[in-house]
Amino acid sequence: MRNLKLLKSLQSSELQGPGSPQCLALRADTGSLLVASQYSITEYNPRTGQVVGEASLTAEGFLPEDGRGVVVGLQDLAELESACLATAGGDVVLFSYNTCQLECVGSVDSGLTSMSWSPDEELVVLTTGQETIIMMTKELEPITEIGIHQDDFGEGRFITVGWGKKETQFHGSEGKQAAQRKLQEVQPAAAWDDRRPRVTWRGDGQLFAVSAICLQTGARKVRVWNREGVLQATSEPINGLEQALCWKPSGSLISSTQRHPNKHSVVFMEKNGLLHGDFTLPFSRDQAKVKELLWNSDSTVLAVWLEDMSAGEDKQVNTYIQLWIVGNYHWYLKQSLDFGRDSQKAPVCVCWDPEHPLRFYVLARSWTSISYDWGWTTERSPGLDVADNANVAVIDGDKILVTSFRQCVVPPPMCLFELQLSSPVNQVTFLSQPQRTNQLAALTSDGRISVFSSKYSDQYVLFSKTFSVTSFQEEPLALRQLLWLDDELFVVVRSSKLPTCSTLLMLHPAQDADDTLTVRSEVEVDGVVVSLVHCSQTGTVALQLEDGQIRKLHWDCPEPSVEDWQDSSRCSINFPVTCVQTALCSISGEEHLLGLTDRSHLYAGDTELASNISSFAVCNDFLLITTHSHTFRCLQLNMLSVKGLQVALASDGGQNDETLRRVERGSRIVTVVPQDTRVILQMPRGNLETIHHRALVLAQLRKWLDNLRFRDAFECMRKLRINLNFIYDHNPKVFLENIKTFITQLNSTNHINLFLTELKEEDTTGSMYPRPEGIPVQTPHVSGQKKVDVVCDSLRSTMESMGPNKFFLSILTAHVKKTVPELEIALQKVHELRVSPPDAPGAVGAEEALKYLLFLVNVNDLYEHSLGTYDFDLVLMVAEKSQKDPKEYLPFLNMLKSLEPNYQRYTIDKHLKRYRKALTHLSKCGNERFPEALQLVKEQKLYTEALRLYTADRAHYKALSCAYAEHLVEQQQAEQAGLLLWRCGEPASALQAFAGSSSWRNAICVAQQIPLPPDQLALLARDLAGKLIEQRRHAEAALLLDQYAKDCEEAILALITGAVWEEALRLIYMHDRQDITETNLKPALLEAVSTHTAFLEAQLVMFTRHRNRLAVVREQKAKARLDLLGENGPDCPDAELYSEASSVMTGSKYSQSNSRISSRSSKNRRKAERKKLSLKEGSPLEDRALMYALGELITTVDKMREEVHGLLKALVLFQFDKQAQKLQLVYEEGLQMMEAAVPEVWPEPLQNSQAPLTGPDATANSIMASFQQQQQRPAASQQDAEVPTPPKMRNGVKWKLNVLT
């Protein structure tokens, strides 16, 4: 749905020469024109108006001096820095650009009729006066010469396999008589045909086609040849085929023209010579003749050069050039150039620029040259409010095809309605006034401006007025860049007399003639204006010059003026290169001009935003972009800066990035429906697609929800399948405060039910639809409660107050949808509805409510919940709606009805596995049911609930306590079992439980309460003491033996065994047993000294060995890191793997994969990490293992401070000073060595690498550096085991004896 818009035109009249031009070629490297006439060849620069080089063809004798000579071909040869021309006399001449000399490189005696070079300039084809084809190399060495007219069809001859005869084939609507119809004779070529052969090459240079007059029929016939000069195919006989011939550069079709009995068409042929499609020219059969067809270099535009068949009263003929494009198999006439009847202004040569696909050159008989530069544009209405219908206008000759995409999507070539004009349309523009952007104006080829205004929102009436602008029609397309600013104010661009200037014309109706536009004011612009754009919001008009400079037009003042485009800092802003599409927008509150180049670069002023953009549009503060990577981006401009746009367009987007979506390859933006979510895209083949971009949808939803337009938001979300939780999650507080408005606007039970059923605890604004940056996060209105419960309760209470009968089904849904479904309440409400049905009209009945409830809940679950209400009428009501067989549930219900109420409820609860409720009801059934209750308690382990239901003064309580105690003993909780038994009056069992759990104090208390005889009490004490000694609780065992077993000697020995020296001495002297000192205490002291000394020496030896090995390991890693740096340089990313915080070793044979334990708990994970630590030399984590081992050694030795202190005191008391001094010295040396080794084992950089540097002494730079180091740490080192922290030594514990120093 694109149009061609004239960007600029350059007219040059300085060139004058003898005769008239006959051939035109373009020199690609300099942009100068090569013009050949019957007298000379001239190289001319149209921008400067200067002749670069010239040579006379008559002086050298290549053409006669009487002016009857003809140049039949002219070609630029960039590699040879020459131009090649061929004359009708048979000469092939090279014109040197450097010396301006002519050189004849070949001659054909029979003369030449045409010359055509291949696209790669490797071959040249010449047609001679003897109807032959001469093929030559670029050095003009002959390859072959063949006749044009061949009897053979060619190598591509069709093969008949004999599947039936012509008479038996199906002939469609023509019927069988088509088989007997004789072929019509081919008519000879038209009288105006020049009868010269036409040669055209395919774009790849592999094939060329020749159109020539057949000697037998006198009609034109097309033959296709390959590069070797071998005939490939001959066209079928085509009646009325004309001289024009051009092969589409893409290689698919050969274009020509055909005159039918009732129309004039451009036809297309395949390379096998068969016709393949056509389109009709907007002329009658004998009105015009087609002189030439020309495809542009990218095969998008076909130029048709026509001339009237008959002369007018002034004996002059009118000349036209039309530009056609195809889309969706329909040909559109996009531009029509009417050169009038002046023979001097009529074109004699035309050509496309091979480098710029949309640049077209015209050379008139008067030697005036005009170059036209077109660009692609989509004419869309510029409105930003709901009054704008999102109109798109497509030019098709003298019709404008208009589609209002707000109403419907009509695929091209169809449209919603057509606007018929009297002349072909060259440009369309829409009025740039708010609320009136549906009005459009058209600039036609005859220089008139027709205005169309809409009478209704979906239709256009006939144009209300046509204005003539006659004073500026010296040449075609004299006016361009039409802009409709106000009711009767137009701005157009006219080329100035100087090639480097333009004139802006402000047109308005004349006072004496309403149908004529006059110039209100003129504004001279120093530069060629290639685009004009207007912003309806700000009224700004920006114009772009051909070199990318940007200007601002002040049009709403008495004296319009133009000034440089400046930013907020008053600096001039320009595009680096020319942009073919521009648009004004506001980015972070500052107005910018966006531009898209023909090379897909998008600029915001002088800043490049992206380099792969295929199309863009600005609408409602959104920038919409399609890219060549087949993505569609939608960015909110008021939340991004220019730098932010660059970053956003450079990123690939995250998983839930709402700004990005994939689209079909080659998609382009047609238009965006304002204040809506629809975006219209056009595919390369021409069809349309409507998409709802998520960014637009969410932005519109947020706007609707902020304005409390819940119904609009709900309908949009339901249609586009947006999660309905977004209605609440967007702003929970506002939603809960306006629940009544929400219900009133929806006013539909089904819609409310749909909203309720989609509720879930997830916050969609944090997962599915993240909030854009800059939008504050909304906190839940009710903290500490679940979202689903809050919404359900709020909606239910509001609906109950507004009309419980009207919203009855929604109220049921609110009960059922809660995190803990309130099925009993819902069933009870259905039952109440059945008992007392409402009288209100349209109220929901019990049957319908129950049927709906069964839709929400599984029927079996609902049946069981109804059974749990103990209401048999409700149970029967649910069972009747289920698929259950009455034989299944009626006997069971009848049995329940026959039971006592409490036992009935117990039976129901047990059936539903609600054992706690069952126990509650069973406890009320009397003493005869207690055995059953006790059995239920044991089976379901409901001991705690049972003890609460029975009072402590009843026998049942004691039975339950005993049963509970048995259970606790089985669970290895004998002490708690003893407490239960003791309090319920079972001291013997309690004593056994306390004794089994080593709870000796409780056991002694119970034994004295019984009371036990002294001998049994002593025996109990000895038994308990033995268990305590096994548990290394020697002091407690000594207490039992001394006080209750009355055995002081055993008590003292127990204390000596447990190294409780001071308590042992106390008992020795209390019981006057100094003999034990000599027999047991002193030997035990000496043995303890020996044991401690040996243990300490062993620990210190192991510590030294691990410490030395750690130094070696670290040295090896440092060396490996230096080697790696030497090989790969200081920026090697793997160098960090050999840092102090890493555990990677080169040449290691151990794997570090820990994916197997990724799901373990933290405790198990730490255990698994420890398993990886091996002290084996060469293991990957050997340094970590050594650090862990050293830390454990330090901790173990440090914990001996109290034990060594007590032992030293006892040794000094008994005068074992030497042993005490040795122990103290060994222990002190060990502590000092370990304390000194801590900084070496755990160096400061290694400790700092474990956590970011923070604290009162940290600076902002140091904190940022620390965090960056954490983020830049390689993944391999992060997966290693954690570096152990250095142990804390308890230096504050006093253990040394000064008497030993």
What does the charge add up to near K958, with Lys and Arg as +1, Asp and Glu as -1, over the other residues with Cβ less than 12 Å from its Cβ?
-> 0
Distance from a point 7 Å along Cα→Cβ of R771 to each backbone N in the stretch 705-722: keep the residues under 14 Å and list them by number.
-> 706
Tally Lys/Arg at +1 and Asp/Glu at -1 over every other residue whose Cβ is under 12 Å from the Cβ of D286; what's the total?
-> +3
Aspartates and glutamates whose Cα lies under 16 Å from that of K291, excluding same-chain neighbours fewer than 8 positions away = D193, D194, E242, E307, D308, D338
Modelled label-to-label distance, N723 and N226, 7 Å Cα→beta-carbon offset: nm?
-> 6.2
Could you tell me whether the stretch 973-1132 comes out rounded, prolate or oblate from its Cα gyration tensor? Rule is a ≥ b ≥ c as square roots of the eigenvalues, rounded for a/c under 1.5, then prolate if a/b exceeds b/c, otherwise oblate.
-> oblate
How large, in percent, is the carbon and sulfur part of the accessible surface of the chain at a probe radius of 1.4 Å?
-> 49
Roll a 1.4 Å probe over the protein chains and send me the accessible area per residue for the stretch 649-799 in Å².
-> 46
Between T944 and L140, what is the spin-label point distance in nm, taking each point 7 Å from the Cα along the Cα→C-beta axis?
-> 11.1
Going down the table (K829/K897; K1119/K1199; K740/K829), which pairs top 32 Å between alpha carbons?
-> K1119/K1199
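Only sites in a loop by DSSP and with at most 13 other Cβ atoms within 10 Å count here; which trypsin sites (Lys or Arg not before Pro) in the stretch 1181-1227 make the cut?
K1199
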Starting with the highest mean, order 722-730, 115-123 by the number of other Cβ atoms within 10 Å, averaged over the residues of each peptide.
-> 722-730, 115-123
With a ≥ b ≥ c from the Cα gyration tensor eigenvalues, square-rooted, and the rule rounded for a/c under 1.5, otherwise prolate when a/b > b/c and oblate otherwise, the chain is prolate
Excluding ligands, DNA and RNA, what is the solvent-accessible area per residue of the stretch 476-613 at a probe of 1.4 Å, expressed in Å²?
-> 42
Inter-label distance for L1300 and F279, nm, one decimal - labels placed 7 Å from Cα along Cα-to-Cβ = 11.0
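Rounded to the nearest 500, what is the chain's calculated 222 nm mean residue ellipticity when only DSSP H runs of at least 4 contribute -39500 (n - 2.57) each, over all residues?
Working: 35 runs with 411 residues, N = 1301.
Calculated from helices alone, the mean residue ellipticity at 222 nm is -9500 deg cm²/dmol.
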When we measure straight from the Cα of K938, which aspartates and glutamates land under 12 angstrom away, once same-chain ones fewer than 8 places off are left out?
-> E966
Treating only the Cβ atoms of Lys and Arg (+1) and Asp and Glu (-1) as charged, compute the dipole magnitude of the stretch 487-635 about its Cα centre; round to the nearest 20 debye.
-> 540
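Could you order peptides 692-699, 291-298, 388-395, 894-901 by the average number of other Cβ atoms within 10 Å of their residues, highest first?
388-395, 692-699, 291-298, 894-901
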Gained length - T1104 relative to K465, 0.36 nm times residue gap less alpha-carbon distance | 219.5 nm
Mind ordering 613-621, 701-709, 1012-1020 by average Cβ neighbours within 10 Å, highest first?
-> 613-621, 701-709, 1012-1020
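Calculate the FRET efficiency for Q1232 and E1177 from the Cβ-Cβ distance with a Förster distance of 22 Å, rounded to the nearest 0.05.
Result of the calculation: an efficiency of 0.15.
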Within the under-13-Å Cβ sphere about K719, not counting K719, Lys/Arg +1 and Asp/Glu -1 give a net charge of +1
For T1196 and R599, calculate 0.36 nm times their separation in residues minus their Cα-Cα distance, and state this gained length in nm to one decimal.
-> 207.5 nm
Cross-link pairs K703/K817; K817/K851; K760/K881 - those with Cα-Cα distance over 21 Å = K703/K817; K760/K881
Once you've got the Cα coordinates, tell me which of K8/K497; K1218/K1288; K8/K345 are over 21 Å apart.
-> K1218/K1288
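The values are calculated or read from the model by the stated rules, or taken from the named source; none is laboratory data. Just so it is clear, the structure is predicted and the values come from calculations on it, not from any experiment. With ideal geometry, Cβ positions are generated from the backbone for all residues, glycine too; neighbour counts draw on all protein chains shown. Heads up: the accessible areas ignore ligands, DNA and RNA and are worked out on the full protein's heavy atoms, side chains in. Shrake-Rupley method; radii C 1.70, N 1.55, O 1.52, S 1.80 Å.
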